[in-house]
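Everything below concerns the one structure shown next.
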Amino acid sequence: RDGWEAQRMFEKWTAAGGKFSPQPHLTTADSRISKEQYREALAALRCCIEACSTEAERQEFQPGAWYKMAQCYQELRRPYEAAIAFEKIFQKFPTHKLAAKACFEAVSCYNQEYSKFGLKQDKDMKDKYLLDLANKWPKDPAARNIKYLLAVDKENAGEFKNAAELYLQVDEEAEAYEKALISSAFCLRRGANQ
C-alpha cells in the first residue's frame, strides 16, 4: 500500500514539473564506492545518468558517472560491462577530459576479454580503440600507454622477449609505467624458461 502511495505522489510531483537533480545520486554513489558497495553504487550512478534532463546536466554529470560506473564494473571483475561504460564517455563526450583515458581503459578491458576468451570481436574492438587513442588524442597522457598495450599483445602472442623490450619503452609519465616494469620482468623470466 505504501508503495502505491509513493508511486502516486511521484507521478503527481513529476506531472507538476518536478524533477530530480543528478547530484544527490552522484553523492550516494560516491558513498557506496567508498564502502566498496559497488552494486549499490551502480544503481545510484544509473539514477544520476537518468536524472540528467538538460544538455548542461549531461555535460556536467554523465562523463564522470559513466567513468565511475566502469570502475565499479572493473571492481566486480566484469570487464566487458566496464568497456561499454567507458565507450559511452569517448563516444558521447569526445572532447571531455576523461575521453582519452576512457578510451585507454576500454582497450584494456577488451584486451582482458580477448586474453581470457580469444574472441576475434574483442580483439577487433581493442585494435579499433587503440587506433582511435593514437589518432584522436595523440598528445593526451593516456596515449603514452600505447606501447604498454602493444607489449601486452606481444606477451599474449607468446613473444616474451619482444614484449619485454616494448614494456621497457613505456614512458615514465605513463599511467601504465609501473605495470610495464613488472610485466617486463615477468616476460623476461618467461622468455628465459622457453
Query raised in the report: Given the conditions (1) out of contact with any Ser or Thr (no Cβ under 6 Å at 6 or more places or on another chain); (2) closer than 21 Å to Tyr80 by Cα, and given that Arg144 satisfies all but one, which numbered condition is not satisfied?
Result: (2)
Requested in this report: From Lys147, Lys179, Lys126, grab the single residue that is open to solvent by less than 100 Å² (accessible area, probe 1.4 Å), in contact (Cβ under 8 Å) with a residue 24 or more places away in the chain and of a type in the set (D, E, K, R).
Outcome: Lys147
Query raised in the report: Considering region 150-164 alone, what residues qualify as being farther than 22 Å from Lys101 by Cβ, open to solvent by less than 100 Å² (accessible area, probe 1.4 Å) and not aliphatic (A, V, I, L, M)?
Result: Lys154, Glu155, Asn156, Gly158, Glu159, Phe160, Asn162
Report summary line: Scanning region 164-180 for residues that are in a helix (DSSP H, G or I) and under 18 Å from Phe104 (Cβ atoms) gives Leu166, Tyr167, Tyr177, Glu178, Lys179, Ala180
Report summary line: Restricting attention to region 29-78, the residues that are without any contact (Cβ under 8 Å) to a residue 24 or more places away in the chain and open to solvent by less than 20 Å² (accessible area, probe 1.4 Å) number exactly 1
Query - Within region 1-44, tally of residues that are part of a loop (DSSP other than H, G, I, E, B), of a type outside the set (D, E, K, R) and at pLDDT 60 or above - result: 3
**Report entry** Unique match (being part of a helix (DSSP H, G or I), in contact (Cβ under 8 Å) with a residue 40 or more places away in the chain and touching a Leu at 6+ places or on another chain (Cβ under 7 Å)) among Phe90, Phe104
**Finding:** Phe104
Requested in this report: Determine whether region 45-60 contains at least one residue that is within 28 Å of Ser115 (Cβ to Cβ), modelled with pLDDT of 95 or more and not hydroxyl-bearing (Ser, Thr, Tyr).
Outcome: yes
Query raised in the report: Restricting attention to region 79-99, does a residue exist that is modelled with pLDDT of 95 or more, in contact with a Gly (Cβ under 8 Å, 6 or more places away or on another chain) and surrounded by fewer than 20 Cβ atoms within 10 Å (Cβ to Cβ)?
Result: yes
Query raised in the report: Among the listed residues Tyr167, Tyr110, which satisfies the condition of being crowded, with 22+ Cβ neighbours inside 10 Å, under 17 Å from the mean Cα position of the chain (by Cα), closer than 29 Å to Ala192 by Cα and modelled with pLDDT of 90 or more?
Result: Tyr110
Requested in this report: Output yes when any residue across region 133-146 is under 20 Å from Lys179 (Cα atoms), within 14 Å of the chain's Cα centre (by Cα) and either among the β-branched types (Val, Ile, Thr) or assigned to a helix (DSSP H, G or I) (or both), and no when none is.
Outcome: yes
Query raised in the report: What is the one condition in (1) touching a residue at least 40 places away in the same chain (Cβ under 8 Å); (2) touching a Pro at 6+ places or on another chain (Cβ under 9 Å); (3) surrounded by fewer than 20 Cβ atoms within 10 Å (Cβ to Cβ); (4) closer than 22 Å to Leu168 by Cα that Lys136 does not satisfy?
Result: (4)
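The values are calculated or read from the model by the stated rules, or taken from the named source; none is laboratory data. Computed from a prediction, not measured in an experiment: that's the story for all the values here. All Cβ positions, glycine included, derive from the backbone under ideal geometry; neighbour counts span all protein chains shown. The accessibility values were calculated without ligands, DNA or RNA, using every heavy atom of the protein model including side chains. Shrake-Rupley method; radii C 1.70, N 1.55, O 1.52, S 1.80 Å.
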